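Only one structure is covered here, and it is reproduced in the block below.
The values are calculated or read from the model by the stated rules, or taken from the named source; none is laboratory data. From a predicted model like this one, the values you see are computed outputs, not experimental measurements. Heads up, the Cβs are rebuilt from the backbone with ideal geometry, glycines too, and the neighbour counts pull from every protein chain shown.
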Amino acid sequence: MIKPWIWLSLLVIVLDQATKYLAETLLVMHQPVPVTPSFNLMLTYNTGAAFSFLADAGGWQRWFFLGLGALVSIGLVIWLARLKPQEKWLAVALALILGGAIGNLIDRAWLGQVIDFIQLYYDRWYWPAFNIADSAITIGAVLLVVESLWLRPSKT
């Protein structure tokens with residue numbers, strides 16, 4: 001039952017790419033624009049993975065993360081296709097992760113890096129910048145854990 005959930009993945013991809021376009025168009029690299037206390041918009045690029053893991057690896061990481069992201073996306077599509085109609089929360093979680101993965105894959109394929117622009121902080125502590133795709137992946141992963149621990153009916 002993949003079709004209804006593809007729309008959620010497509011929505012994530014469109015929102016992600018549109019906001020990244022706006023960030024590149026309207027923001028100046030590494031110049032924070034305060035939105036609220038503890039929240040800035042700030043354009044930056046990440047050639048690595050989460051928290052800039054392997055960002056300084058010399059270029060090979062682009063192809064590694066492209067391949068890994070493509071494999072994960074294919075796996076998610078297959079998983080979504082095999083879901084039962086009653087597995088709605090699992091489908092939502094997987095669709096969010098798929099949309100986020102593809103959103104960041106698009107950046108890696110076209111730019112060789114991912115556009116990040118959301119910056120959260122408290123006092124002098126800054127969370128690494130992220131984007132809508134990262135947010136969708138995180139929300140999907142949390143839903144996946146919640147679904148597997150608390151929402152899945154017991155088999156006893």
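Here are a few things to note about the model shown:
- Test: ARG108 is within 18 Å of the chain's Cα centre (by Cα) and under 24 Å from HIS30 (Cβ atoms): yes
- Unique match (being surrounded by fewer than 21 Cβ atoms within 10 Å (Cβ to Cβ) and either acidic (Asp, Glu) or farther than 22 Å from VAL145 by Cα (or both)) among ARG82, ARG124: ARG124
- All positions within segment 4-31 that are under 14 Å from ILE102 (Cα atoms), surrounded by fewer than 14 Cβ atoms within 10 Å (Cβ to Cβ) and of a type in the set (Val, Ile, Thr): VAL14
- Hits in segment 13-39 - residues which are outside any helix (DSSP H, G or I) and either acidic (Asp, Glu) or touching a residue at least 40 places away in the same chain (Cβ under 8 Å) (or both): LEU27, PRO32, SER38, PHE39
- From the options ILE139, ILE118, residue that is closer than 23 Å to PHE39 by Cα, in contact with a Gly (Cβ under 9 Å, 6 or more places away or on another chain) and either among the β-branched types (Val, Ile, Thr) or surrounded by 13 or more Cβ atoms within 10 Å (Cβ to Cβ) (or both): ILE139
- From the list ALA81, ALA49, the lone residue that is out of contact with any Asp or Glu (no Cβ under 8 Å at 6 or more places or on another chain) and at pLDDT below 90 is ALA49.
Okay, residues lined up against (1) part of a helix (DSSP H, G or I); (2) modelled with pLDDT under 90; (3) over 12 Å from the mean Cα position of the chain (by Cα):
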residue: LEU41; (1), (2), (3): no, no, yes
residue: ARG62; (1), (2), (3): yes, yes, yes
residue: LEU68; (1), (2), (3): yes, yes, yes
residue: LEU76; (1), (2), (3): yes, no, yes
residue: ALA91; (1), (2), (3): yes, no, yes
residue: LEU96; (1), (2), (3): yes, no, no
residue: ALA101; (1), (2), (3): yes, no, no
residue: ALA136; (1), (2), (3): yes, no, no
residue: VAL145; (1), (2), (3): yes, no, yes
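- Selection count where residues are part of a strand (DSSP E or B) and without any contact (Cβ under 8 Å) to a residue 12 or more places away in the chain, scope segment 103-134: 2
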